[in-house]
Structures are given as C-alpha cells and as structure tokens.
Amino acid sequence: MSAAPVIELRDVVTRFGRNLVHDGVDLAVAAGEVVALVGGSGSGKTTLLRHIIGLTRPSAGTVRLFGEPLLDGPAERVRALQRRFGVLFQQGALFSAFSVAENIAFPLRESRVANEAEIRDLVALKLAMVELEPAHALLKPAELSGGMVKRVALARALALEPELLLLDEPTAGLDPDRSAAFVALIRSLQRRLGLTVVLVTHDVDTLAALATRVAVLGERRILSYATLDDTLKVDHPFIRRFFHGEHGRRALARAQGGD
Amino acid sequence: MAQPDFGYRSETGVARVRGDWTLRALAPTVGTLRRQLAGVPQDADWRLDELERLDSFGATLLWRAWGRRWPARLQLGDEQRRLLEDIAAASAQPVPVPPRFTAVDALVLLGTAVLAFRAHLADFIRLLGQLLLDLLRLLRQPREWPLLEISANLHKVGVKAMPVTALVGFLIGVVLSYLSALQLRAFGADIFIVNILGLGIIRELGPVLVSVLVAGRSGSAMTAQLGVMRVTEEVDALSAMGISRTIRLVLPKVIALTLAMPLLVLWTSGVALFGGMVSAWVQLDLSFGFFIDTLPRVVPIANLYIGLAKGAVFGLLIALVACHFGLRVAPNTESLSSNTTASVVSAITLVILVDAVFAIATRSIGVPG
C-alpha cells in the first residue's frame with residue numbers, strides 16, 4: 001500500500017461567524033495508529049472530527065483521506081471515500097425505527113454488494129465481534145442499555161470493513177466498568193483488524209488504554225502531537241491540568257500499573 | 001489494492017483464491033465470483049495461501065461456497081484461519097429471524113388497537129380531569145396563573161397564524177363566490193350570493209377552515225414540542241422541580257388556543273367574505289356597499305355567535321388532543337413522528353365530528369325562513 005497518511009489535515013481554518021475555532025491545524029495520521037484527540041471543551045475537537053468525516057467543511061485548508069482530497073471531486077468518489085471509514089457517534093446514532101440487526105445490516109444493504117443470506121451471516125459475525133448475543137438482534141434501540149447502544153453502533157461502524165474508525169467520545173455516558181470493557185473491545189478489534197483509529201475523548205483512562213499517539217488541541221491549533229509519554233513532558237498549562245490534575249494522575253497510574 | 005482472483009482447475013481439483021478478498025475489492029466482480037465459487041465441487045483442494053487480504057465479507061463468501069463447513073483439503077494462513085473460525089462460530093449461532101405475520105398476529109394487532117384506543121380514552125379523560133383540578137387550584141391561588149406562558153402561546157398560535165389563515169380564507173372566498181355566481185346568474189338570482197356567502201362562511205366554512213389550518217400548524221407544533229421535551233427529559237426535569245407540567249405546559253396551550261381560535265375565526269371569516277365580495281363585484285357587478293348593507297339583513301347575528309362558539313370549542317379540542325399525544329411520545333424518533341401524525345389526524349377528525357354535532361344541535365337557530 002502507499003505510504004500516504006490515512007488522514008492528512010493541512011492548514012485547516014474553521015470560523016463560525018466571528019468565532020475562530022481552528023487557525024492552521026496540521027495533522028497527519030499514519031496507518032495503524034490510534035490517535036487520541038484531546039482538548040478543553042470548546043477547543044473544536046468534535047468540529048475537527050466532523051471535518052474528517054466530511055459533514056462540515058473547513059473555512060480554509062485541505063482534508064485528505066487515504067491520500068485523496070475529501071472535499072472536492074465528483075460526489076461518487078467522495079462517497080466511495082466515505083465508505084472506507086466507520087464512525088461511532090457519541091450517542092450511538094442508531095436508527096430508532098430499525099432493530100439491532102437491521103441497523104447493522106443497513107450499510108451492507110445500501111452498498112449492494114452482499115446478498116441477503118451473506119448479510120445475515122455478516123450481521124451474526126459483527127454481533128459476535130462486539131460481544132453481543134444473537135438474541136439481541138431483534139431488539140429496538142430504545143430497548144438497549146447505554147453500553148449496548150455503543151456496541152451496536154460499533155458493529156454498524158464496522159459493517160463495511162473500514163480501514164479507519166472515527167470515535168467521538170466512545171466512553172462518554174458509560175460507567176467505569178462498562179467503559180473499561182468497551183475500551184478493551186475497541187483495542188482488541190483494532191489489533192485484529194489492523195484499523196487506524198482516531199478518537200475524541202476527555203477521559204484519561206480511555207486515552208491511556210488506547211492511544212499510541214496523542215494530539216492536543218488548544219489555542220486553535222495542535223499544541224503537541226506525540227506519544228503519551230512525550231506529551232506528558234510538554235510544558236503547557238492545559239496539558240498540565242489535563243494529565244497532571246488529580247484525576248489524570250490517578251488514571252495514568254492505573255493504566256501503567258495495569259500494563 | 002490487488003484484484004481478487006479465483007481459478008479452479010477440474011483436472012487437478014485445485015481451487016486457488018488470490019489477491020484482495022475485501023468488500024471494496026470484491027464489489028465490482030462479486031456476481032461473477034459468486035457464480036464461479038458455486039461451480040466448484042465439494043471435494044476441491046482449496047489453496048488460500050496466496051491471499052493478500054481477507055476481510056469478513058470475503059470470508060463469508062468463501063464459507064458459503066464451502067456449504068458452511070470446512071473443506072477436507074485446505075491450505076491457508078493463520079490469520080485467515082482465525083477469521084474463518086469466527087465466521088464458522090457466528091454462523092452456528094444465527095441471528096433469529098423475526099417471526100412471520102400470521103392470522104393470529106392480525107387478531108392480536110386488532111386487539112392491541114382496541115386496547116390502545118381504550119388507553120387513549122382513559123389518558124385523555126385523565127388529562128381533562130387534571131386540567132380541571134389545576135383550574136380549581138388556580139382559582140384559589142390566582143398568583144400561580146401562568147400568564148406569561150399564556151400570552152406567549154397566544155402570540156404563537158394566534159397572531160402568527162393570521163397571515164396564512166387570511167391568505168387561505170381570501171382565496172376560498174373568491175373561489176366560492178366565483179363558482180356560486182356562475183350558477184346564480186343562470187337563474188337571475190344574483191342577490192342571493194350574499195345569503196350563500198354569509199351563511200356558509202360565517203356559520204360553517206370559517207370555523208372548520210381555521211380548525212384544519214390550526215390543527216396542521218399549531219397542533220402539530222404543540223405535539224412535537226411536548227414530544228421533544230419528553231425525549232430530552234425536560235418534562236421530567238420540570239416534574240422533579242415540583243412544577244406541575246399540566247399547569248406550565250398544557251394549560252397555557254389549551255387556554256391560549258381556546259381564546260385565539262374565535263378571534264382567528266372572526267378574522268378569517270371577515271377576510272373570506274371580503275374575497276367573496278371582490279369576486280361578486282367583478283363577476284356580478286354587486287357593489288361593496290350593497291353587499292355590506294344586505295349582509296346583516298339576510299344572515300341573522302346568531303350565526304356569528306355559533307361560528308365563534310364553534311371556534312372556541314374546536315380550539316379547545318385541538319389543543320387537548322395535541323397535548324395528549326405530545327405527552328405520550330416515547331423517547332425515540334419513530335414515536336415522535338407517529339404521535340405527531342396521530343395528533344393532527346385525530347384533531348381534524350374530531351373537529352369535523354363535533355361540527356356535525358353542532359349542526360344538529362343548532363339546526364333551528366339562525367337559519368332564515
């Protein structure tokens with residue numbers, strides 16, 4: 001495969017009215033990396049993720065996925081590009097009119113490659129992958145617990161065999177126990193499927209358990225983009241508060257003790 | 001990305017799978033490959049060791065080609081074997097198929113619908129009772145009247161509805177007058193246009209027209225608003241603060257619409273009569289002065305009172321129905337859409353039913369001759 005980075009942001013500028021959110025964000029994510037995007041609230045983490053998904057368009061700058069520009073070009077090519085990544089939205093964003101099985105099957109049906117019998121097998125496989133029972137397949141999203149919603153959403157994000165997985169606050173709203181289990185699941189899937197993962201989080205536990213690199217967003221740009229150990233050495237008020245606050249220190253100690 | 005490739009030689013019995021067997025790579029040629037795979041006999045010697053990439057879709061394709069069991073002769077890498085083992089395990093535990101729809105289900109569906117109707121009725125009566133209790137409480141404690149909410153709702157359902165009701169009223173007036181004029185002129189009974197328009201619009205068309213518009217415009221908005229507040233737990237938050245949701249959310253809407261509707265009826269009937277007047281002037285050369293002079297003589301004032309009373313009752317019903325359905329919304333999008341639809345449809349149906357009751361009850365009032 002080509003050595004082009006899976007995600008490449010160059011000089012991204014985002015402006016909402018008079019509010020300048022990003023001013024020259026550069027980021028390159030290599031294949032197989034797990035990059036955690038952290039930053040204070042309002043620093044534009046989720047907005048940056050939405051640029052990468054192609055839901056919003058930066059005011060200036062380029063977004064390239066798999067070496068191809070995401071924002072311009074024929075709609076057909078952009079759609080093909082969008083099918084190469086899966087997204088796990090913060091609230092799961094399951095289609096509430098569909099059952100669990102139909103939610104997972106939906107992207108497969110839409111891509112019109114697999115036939116019905118194959119889709120049934122694939123749905124069973126994806127359910128097993130995210131450690132859900134086949135009996136859960138007929139439930140509606142409204143009948144699921146928060147942790148299960150995330151798992152089904154992950155299975156749906158994996159339905160089209162993506163190379164890149166984008167996670168928006170994967171553990172928000174889960175209790176610590178469930179959250180740890182979900183992080184372990186993401187990690188094992190990432191290793192098995194060789195995924196590149198970008199996650200937005202403000203949970204130090206999740207970050208310490210998953211990320212190979214950490215991108216810190218602040219002052220409208222990337223403050224630091226390095227491994228967790230190197231990030232900890234950066235002297236910046238936000239990084240100090242985020243990682244060396246009481247909660248951060250405890251979480252890091254836990255993660256290091258666990259390894 | 002390598003092309004997926006498959007070849008079977010019947011002389012040696014070797015089936016070779018090469019290249020990238022991934023969803024993306026397979027997509028263009030999946031139909032052909034599926035056919036080729038199906039043509040391979042059961043006892044083939046499968047060689048998967050030259051596979052470059054295999055994902056779960058490619059693995060599913062192969063697993064199904066093997067008749068969902070391991071072939072006797074098979075060469076493949078460890079990674080692929082693990083993936084295929086997962087597929088094998090998953091297909092041993094298939095996803096349950098939703099049961100088919102049978103006659104029993106139809107009967108159950110009917111029974112559920114009847115019970116649901118009963119539940120609706122009980123809920124509706126409960127809401128009505130709660131509102132009456134709230135009113136009693138407000139009469140004893142006048143400081144608790146949600147005046148701000150009532151006035152905000154009056155503005156929203158009354159003032160803001162004026163342009164659209166006027167437009168529709170004017171056009172209906174013009175059309176009604178134009179069509180009636182064509183017939184009346186044939187009999188030389190031109191002057192009766194005043195009777196027809198006056199009686200028809202003031203007594204019947206005005207209130208019903210406004211009700212249909214308001215049910216679609218404000219009724220749906222009320223249901224959706226309450227529904228979204230249910231979804232986002234705002235209604236629960238209100239209850240948790242010890243604030244009555246009926247007093248704060250339902251009562252202002254009901255009072256506002258009950259007050260606003262007669263006014264809207266007056267406004268719309270007026271504009272519709274004006275439209276009819278314009279049309280009569282163009283078509284039949286009836287002057288505005290004559291029309292306005294004749295109207296009170298041929299249409300007894302009781303008709304106006306009936307029209308206004310209908311307006312108030314219809315407004316009350318639309319608001320009650322809208323709030324009833326809004327409070328029943330369950331936290332998902334499907335429920336929101338079905339309840340909003342049900343709210344508008346029920347409100348319009350109820351209005352027309354009650355209009356028929358009105359027509360019978362007032363049959364001897366305000367009809368000349």
Exercise. Quantify how strongly other chains surround peptide A:117-130 by giving the mean number of their Cβ atoms within 10 Å of each of its Cβ atoms.
Key: 6
Quiz item: Taking a temperature of 4 °C and a viscosity of 1.567 mPa s, what whole-number D in µm²/s does Stokes-Einstein yield for the protein assembly as shown with Rh from Kirkwood over alpha carbon pairs?
Solution: 43 µm²/s
Practice problem: Calculate one ³J(HN,Hα) per residue across the range B:103-117 by plugging θ = phi - 60° into the Karplus curve 6.51 cos²θ - 1.76 cosθ + 1.60, and present them in order as whole Hz with x for glycine and proline. | Solution: 4, 4, 4, 4, 5, 4, 4, 4, x, 4, 5, 5, 5, 5, 4
Quiz item: Roughly how many nanometres apart are two label points built 7 Å out from the Cα toward the Cβ at residue B:234 and residue B:82?
Solution: 5.0 nm
Quiz item: Hey, what do the phi angles of the range A:187-199 turn into as Karplus ³J(HN,Hα) couplings, whole Hz, using 6.51/-1.76/1.60 and θ = phi - 60°, x for Gly and Pro?
Solution: 5, 5, 5, 4, 5, 5, 8, x, 7, 9, 10, 10, 10
Quiz prompt | Inter-centroid distance (Cα atoms) of the range B:155-196 relative to the range A:71-85, Å | solution = 54 Å
Quiz item: Interface A/B, total buried accessible area with a 1.4 Å probe, nearest 100 Å²?
Solution: 2400 Å²
Exercise. Using label points projected 7 Å from each Cα along Cα→Cβ, tell me how many nm separate residue B:3 and residue B:122, to one decimal.
Key: 6.8 nm
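Whenever you get a sec, compute what percent of the accessible area on the range B:140-361 sits on carbon and sulfur atoms (1.4 Å probe).
Carbon-and-sulfur percentage of accessible area, whole number: 72.
Express in nm, to one decimal, how much length is gained between residue B:192 and residue B:160 on full extension, taking 0.36 nm for each residue of separation and deducting their alpha carbon distance. Show your work: numbers first, answer last.
Numbers: separation 32, 0.36 × 32 = 11.52 nm, distance 3.46 nm.
Gain in length upon complete extension: 8.1 nm.
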Quiz prompt | residue A:110-residue B:367 FRET efficiency (beta carbon distance; Förster radius 56 Å; 0.05 resolution) | solution = 0.35
Quiz item: In peptide A:98-111, how many Cβ atoms from other protein chains are near each Cβ within 10 Å, on average?
Solution: 1
Quiz prompt | Cα centroid separation - the range B:286-341 against the range A:143-200, whole Å | solution = 51 Å
Practice problem: Please report how far the C-alpha centroid of the range B:4-33 lies from that of the range B:50-99, rounded to the nearest whole angstrom. | Solution: 15 Å
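Counting Lys +1, Arg +1, Asp -1, Glu -1, what net charge surrounds residue B:286 among other residues with beta carbon under 15 Å of its beta carbon? The partial results should precede the final answer.
Values: positive: B:185, B:297; negative: B:190, B:285, B:293.
Net charge around residue B:286: -1.
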Exercise. Would you compute the Debye intensity of chain B from its alpha-carbon atoms alone, equal scatterers and no solvent, and pass along log10 I(q)/I(0) at q = 0.08, 0.14 Å⁻¹ to two decimals?
Key: -0.65, -1.10
Practice problem: Compute the distance in nm between two label points, each set 7 Å from the Cα along the Cα-to-Cβ direction, one at residue A:249 and one at residue A:191. | Solution: 3.1 nm
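Ordering A:68, A:133 by how much accessible area each has at a 1.4 Å probe, largest first, what is the list?
Working: A:68 60, A:133 105 Å².
Largest accessible area first, the residues go A:133, A:68.
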Self-check item: Flagged links, alpha-carbon separation over 27 Å, of A:45/A:140; A:45/A:126; B:253/B:310; A:150/A:233
Solution: A:45/A:140; A:45/A:126; A:150/A:233
Quiz item: Peptides B:184-192, B:40-48: what's the order by average Cβ count within 10 Å, highest mean first?
Solution: B:40-48, B:184-192
Self-check item: For A:134-145, mean number of other protein chain Cβ atoms within 10 Å
Solution: 3
Exercise. Rounded to the nearest 0.05, what FRET efficiency do residue B:72 and residue A:212 give with R0 = 41 Å and r taken as the Cβ-Cβ distance? Could you check?
Key: 0.45
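The values are calculated or read from the model by the stated rules, or taken from the named source; none is laboratory data. Predicted model only: the values in this text are computed from it and were never measured. Please note: Cβ atoms are built from the backbone with ideal geometry, for glycine as well, and neighbour counts cover all protein chains shown. The accessibility values were calculated without ligands, DNA or RNA, using every heavy atom of the protein model including side chains. Shrake-Rupley method; radii C 1.70, N 1.55, O 1.52, S 1.80 Å.
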